[in-house]
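Notes follow the structure.
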Amino acid sequence: MAYKADKNRYGKMIYRRCGNSGLLMPAVSLGLWHNFGAGDDFENSKKMLFKAFDLGITHFDLANNYGPPPGSAESTFGKIFKSDLKKYRDEILVSTKAGYTMWPGPYGDWGSRKYLFASVEQSLKRTGLDYVDIFYHHRFDPNTPMEESLLALDQIVRQGKALYIGISKYDSRQTAKAYAILKELGTPFIIHQPAYNMFNRTIEEGLLNELEEKGLGCITFSPLAQGLLTGKYVKGIPKNSRAARPGGFLKPEHITKEKIDKVIALSEIAAQRGQTLPQMALAWNLRIKTVTSVLIGASSVKQIAENAACLENPDFTADELNRIDEILK
Ligand SMILES: NC(=O)c1ccc[n+]([C@@H]2O[C@H](COP(=O)([O-])OP(=O)(O)OC[C@H]3O[C@@H](n4cnc5c(N)ncnc54)[C@H](OP(=O)(O)O)[C@@H]3O)[C@@H](O)[C@H]2O)c1
């Protein structure tokens, strides 16, 4: 049966303005880095996209290299888009990126004009989209003049292949420079995508201020530290969890006793707040006004529903924030 979106889908989600732009983004967005590849359960991927959209999660984040194999998450999205989501195109924000190794040879990586132009073309083919809503440069390229990468992004917008531009993994100095270049070009550059979670607070050291000052939005990736901040690793590594996947990005050695002790202490605060730990960890990200959206990953519909419910208790007392800081020291 064809998918029909829940008619109450806009009832519970909160939409936050992306910097000073005109774009409103759901406070919770869904990333397709894991669990949407060619080897993953297609029906599960489909159910997750539908559940997300039913909950008002209007934003789906991709990259050229998501899979595995690279490209396959875009293809999975493209299949589901074609069969079920096309009719909702104007209610959906899709982003994709280029910046990591995508194809062999010297033109399939980093930030040359040659790579970025070819990559966006490939992404549009795989997803079946006429345009993406946000196109990101996935990482700063130290060997290509920033002007070259950013002019390519600007022209991708002018060709109608993307509506807005974003950058990811640029530090605050690089971001300030990118902002100046794109401002001069008149490019709709609106967002940065950095990592941010209770175990990785690097962006508090300068990037967040830079974004706020420039009126840019921020979508934080891995807000649950890839699952560590859900409590699922407290009693070891569960079968089928991300850390159990061979060759994954969350390695068993990242799950230290020190982190688990913190997770246990944080879970107590979450329970006192009437939330689960992932819900508290997401609300904690969103306590910062400059954070437009938290970009979650998921392996099941249940996780998406649990995580989206973080919005039911978004506020923290000063005492709660202090206790959290104490634990994270
Ligand atoms: N710009 C970049 O360079 C960059 C880098 C990384 C990610 N990203 C983007 O950010 C998105 C999110 O990253 P992420 O997947 O690392 O985010 P995350 O939200 O920190 O981790 C997601 C993983 O945690 C586990 N999980 C989530 N909710 C749970 C719950 N309620 N209970 C138990 N386990 C739960 C699931 O893993 P399991 O169930 O499989 O254990 C899930 O796949 C990516 O999809 C991608 O779009 C961007």
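Nothing in this text is a laboratory measurement; each read-out follows from the coordinates by a stated rule. Small disclaimer: the values here were computed from a predicted structure and weren't measured. Positions of Cβ are backbone-derived with ideal geometry, glycine not excepted, and every protein chain shown enters the neighbour counts.
Descriptive notes on the structure:
- Restricting A180, A225 to residues that are away from the ligand (no atom under 16 Å from the Cβ) and out of contact with any Cys (no Cβ under 9 Å at 6 or more places or on another chain) narrows the list to A180.
- The sole residue among A243, A178 that is in contact with a Pro (Cβ under 6 Å, 6 or more places away or on another chain) and small (G, A, S) is A243.
- The residue of region 50-60 that is surrounded by the most Cβ atoms within 10 Å (Cβ to Cβ), among those that are of a type outside the set (D, E) and out of contact with any strand residue (DSSP E or B) (no Cβ under 7 Å at 6 or more places or on another chain), is L55.
- Helices (runs of 4 or more DSSP H) fully within region 220-311 counting 2 or more residues that are surrounded by fewer than 23 Cβ atoms within 10 Å (Cβ to Cβ), touching a strand residue (DSSP E or B) at 6+ places or on another chain (Cβ under 6 Å) and hydrophobic (A, V, I, L, M, F, W, C): none
- Of all residues in region 20-40, exactly one satisfies the criterion of being crowded, with 20+ Cβ neighbours inside 10 Å and away from the ligand (no atom under 16 Å from the Cβ), namely L23.
- Count of region 92-108 residues which are within 14 Å of the ligand (Cβ to nearest atom) and touching a helix residue (DSSP H, G or I) at 6+ places or on another chain (Cβ under 8 Å): 4
- The single residue among Y131, Y170, Y164 that is of a type in the set (F, W, Y), within 16 Å of the ligand (Cβ to nearest atom) and closer than 14 Å to V94 by Cα turns out to be Y164.
- Residue list for region 28-41, restricted to those being touching a Ser or Thr at 6+ places or on another chain (Cβ under 6 Å), in a loop (DSSP other than H, G, I, E, B) and touching a residue at least 60 places away in the same chain (Cβ under 8 Å): N35
- S45 being in contact (Cβ under 8 Å) with a residue 24 or more places away in the chain, buried (at least 16 other Cβ atoms within 10 Å of the Cβ) and within 13 Å of the ligand (Cβ to nearest atom): yes
- Residue check, T101 of a type in the set (S, T, N, Q), surrounded by 19 or more Cβ atoms within 10 Å (Cβ to Cβ) and out of contact with any Lys or Arg (no Cβ under 7 Å at 6 or more places or on another chain): no
- For A308: the one exception among (1) away from the ligand (no atom under 14 Å from the Cβ); (2) touching a residue at least 12 places away in the same chain (Cβ under 8 Å); (3) more than 21 Å from F199 (Cβ to Cβ): (1)
- Selection status of L85, over 17 Å from L124 (Cα atoms), among the aliphatic types (A, V, I, L, M) and either within 10 Å of the ligand (Cβ to nearest atom) or out of contact with any Ser or Thr (no Cβ under 9 Å at 6 or more places or on another chain) (or both): no
- So Y131, is it among the hydroxyl-bearing types (S, T, Y), surrounded by fewer than 20 Cβ atoms within 10 Å (Cβ to Cβ) and touching a strand residue (DSSP E or B) at 6+ places or on another chain (Cβ under 7 Å): yes
- Number of residues in region 214-236 that are of a type in the set (S, T, N, Q) and farther than 30 Å from G22 by Cβ equals 2.
- Residue match in region 236-254 (condition: closer than 20 Å to T202 by Cα, small (G, A, S) and within 15 Å of the ligand (Cβ to nearest atom)): no
- Taken over region 192-214, the criterion of being more than 19 Å from the chain's Cα centre (by Cα) and either crowded, with 22+ Cβ neighbours inside 10 Å or assigned to a loop (DSSP other than H, G, I, E, B) (or both) is satisfied by G206 alone.
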